[in-house]
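For reference, the structure discussed in these notes is given below.
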Amino acid sequence: MNKKTGWTVMTAGTLALCGLLVLAGCNKKENTEQSNNSMAEQQAQPAPAATPIDPATVATVSGTVKFDGTAPKPSKIDMSQDPACKGGNEAENIVVDGGDLANVFVYVKDGLGSRTFDVPKDAVTLDQQGCKYHPHVLGVMAGQTVDIKNDDQTTHNIHPTPKDNREWNESQPPSSPAIEKNFAREEIMLPVKCNQHPWMKMYINVVKNPFYAVTDKSGKYEIKGLPPGEYTIAFVQEKLGEQDQKVSVAAKESKTVDASFKPAAD
Amino acid sequence: MYSRRGRRTNCRLPPSVRSEPNSGGPADEATHSRDPRGAILKAIATTYHRGHHRFAVVLACWTFLLIIAGALVTSNDAGLSVPDWPTSFGSLYKIPRLVGGVEFEHTHRMIAQGAGLLTIILTVWTWRVEKRRWLRVLALAALGTVIAQGILGGITVLYYLPPAVSSAHAALAQTFFCIAVAIALFTGRKWVEEQPRVEFDSRKPSLFTLTLLSIFVLYVQLILGAMFRHHGMSWWPHVVHAVIVAFVLAWTAVRAITAYPHIEAVRRPAILMLSLLITQLCLGFTAFLTRVAWGKDAAQPELPMVVSTVAHVAVGALLLATTVILAIEVWRHVPVAFEERVPQTQRNATAA
């Protein structure tokens, strides 16, 4: 290889690099445009009419979720990486208070047949405050808008890592407007994290029906408005897994369905 | 009649004739022999360029720093803290607030840009001062590798860290490090000016074969480790293969140290390789404890986890580079001897 050939190869290499950079930039733009288009198409399609439910016959399922055993000590969080983060320093992966288990997602997994439901027009809010997500576990219907807010004086990035929905990763500086997103497909315990603050984790549960709830600090939940029928109620906890229970409700009936989780086997 | 494998000559030359001062590498050594028709090939006089060599050393050190910075990104789970590429938060030149994961990711990007710039300078410098064609090609290969590495880094960000791409990025980083170290070796005063002491190796497998095998098993281990780190594979293939790596590298090092203790250029990297192997096994065990056994339920990457895994990556890179150096030195000082099938009539007409 003589000097001239060498220079030619180097020039060609540099041009190829520039070309690839431009291509990568264009690709990203195209991808964004494509995803925007597909989202627009999704929104433009008329939703199938919801199956009517007689409000005079609806039932309620409620209960308490317990933790059976000695509650694990919460993992400590170290927020010293970012001086703007001044939140609580305990992880929320298993929150137990007096045997009551919080942050369990409870939903009607089966029994609704081919019924369809209107997607609520109201958005649900996911807030970033004290470098933590509020709430830690969120339920939302497929297609429903999630407003993601940043109340911290630092930049976060919101990065859902779904199995069945589209993955995205967007940064959100302080005082910026809320990011509006929705998830098209049903997916339980869809992890969301912030890559800037590695302790920030939460879960979004995307379901096709409005019959879901998340247990509060006292382990309680309530699902209202169920049409009479036989259902499978699923209780899902991010670390302890899923439990299913069958329940049959008559018109106007209020039923109690409790659940209990044991410590996960190592 | 013995000769270096792959030489086109059929006449035997004594090592002193084959390796005169200023013989800078394979091309130069070939120039001192006769071809079958008896014509003397043109010799290339190579001179030592101190500035060029020092710059190559700086690039190798900078690359090692870059590998540590990259390992910090992965160990701190900060790979996507800057969500865009080639820009950072929309800018090509603005330095964002270096907090949280951004501190690791953006610092890695800045060091990588420095490595790219240093490589461009070294390539141009090599083409200007270096007469050895193969070394100029190697410098060009370094430039191609650093470009490919930058693009892989970008792809892994834009596609949310696919394990295969992230692992390729990790493996190519250490490949580039080995190329940078090799350039630093080839441009060194010792390589350019010394008269190498040569001894033929007639054992089977040859030491050179063992060094190549060592590089191969280390590279496989590097890919397995990277796949585990980037969530593309379980931990056990990496741990099981560590046994094979330990066996092959220990065999190679012990052979080099015991068979050629008087050849410093072979003995020293062999001892270093053995020391790094022992260190690496200890670090691997520590990384396994902190990350797999104790750290699986951690709310975030903890300091012992980060320190042990980053040290494991860094020492792994040093071990691979040392093995490459050993292979090069063995190739130079301990060539493989083999009997050539030369017709009986020509056997007596030896140059020596």
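No lab work stands behind these numbers, since they all come straight from the coordinates. Just so we're clear, the structure is a prediction, and the values are computed from it rather than from any experiment. Because the Cβ atoms are built from the backbone with ideal geometry, glycine has one as well, and the counts that use them run over all protein chains shown.
For a straight C-alpha distance cut-off of 30 angstrom, the lysines reachable from B:LYS131 (same-chain residues fewer than eight places away being disregarded) are A:LYS3, A:LYS4, B:LYS42, B:LYS190.
For the peptide A:186-199, the mean number of other protein chain Cβ atoms found within 10 angstrom of a residue's Cβ is 4. From least to most packed, judged by other beta carbons within 10 angstrom and beginning with the fewest, B:PHE55, B:PHE200, B:PHE104 follow the order B:PHE200, B:PHE55, B:PHE104. Can you pull the mean other chain C-beta count within 10 Å for peptide A:74-83? Mean shielding by partner chains, rounded to a whole number: 4. Between A:THR125 and B:GLU193, the modelled labels are 7.5 nm apart [label points 7 Å from Cα along Cα→Cβ]. The residues packed around A:LYS208, meaning those with a beta-carbon under 13 Å from its beta-carbon, carry a net charge of -2 if Lys and Arg are +1 and Asp and Glu are -1. The convex hull built on the alpha-carbon positions of segment A:84-160 has an orientation-averaged projected area of 7.4 nm². In this label model, A:GLU180 and B:LYS204 are separated by 7.7 nm, measuring between points 7 Å along each Cα→Cβ vector. Checking the cross-link pairs A:LYS208/A:LYS246; A:LYS193/A:LYS220; A:LYS224/B:LYS296; A:LYS86/B:LYS296; A:LYS181/A:LYS255 against a 28 Å limit on the alpha carbon distance flags A:LYS224/B:LYS296; A:LYS181/A:LYS255 as lying beyond it. Once you order the gyration tensor axes a ≥ b ≥ c over the Cα atoms, which shape class does segment A:59-261 get: rounded for a/c under 1.5, otherwise prolate or oblate by comparing a/b with b/c? Oblate, since a/c reaches 1.5 and b/c is not below a/b.
Pair-distance distribution of segment B:201-341: all C-alpha pairs, bin width 5 Å, starting at 0; shares per bin in whole percent are 2, 10, 19, 21, 15, 11, 9, 6, 4, 2, 1, 0, 0, 0.
Stokes-Einstein, applied to the Kirkwood radius of segment B:51-142 over Cα pairs at a viscosity of 1.567 mPa s and 4 °C, places its translational diffusion at 89 µm² s⁻¹. Shielding of peptide B:79-90 by partners, expressed as the average count of other chain Cβ atoms within 10 Å per residue Cβ, is 5. Panel order for A:PHE105, A:PHE261, by other beta carbons found within 10 Å of each beta carbon, from fewest to most: A:PHE261, A:PHE105.
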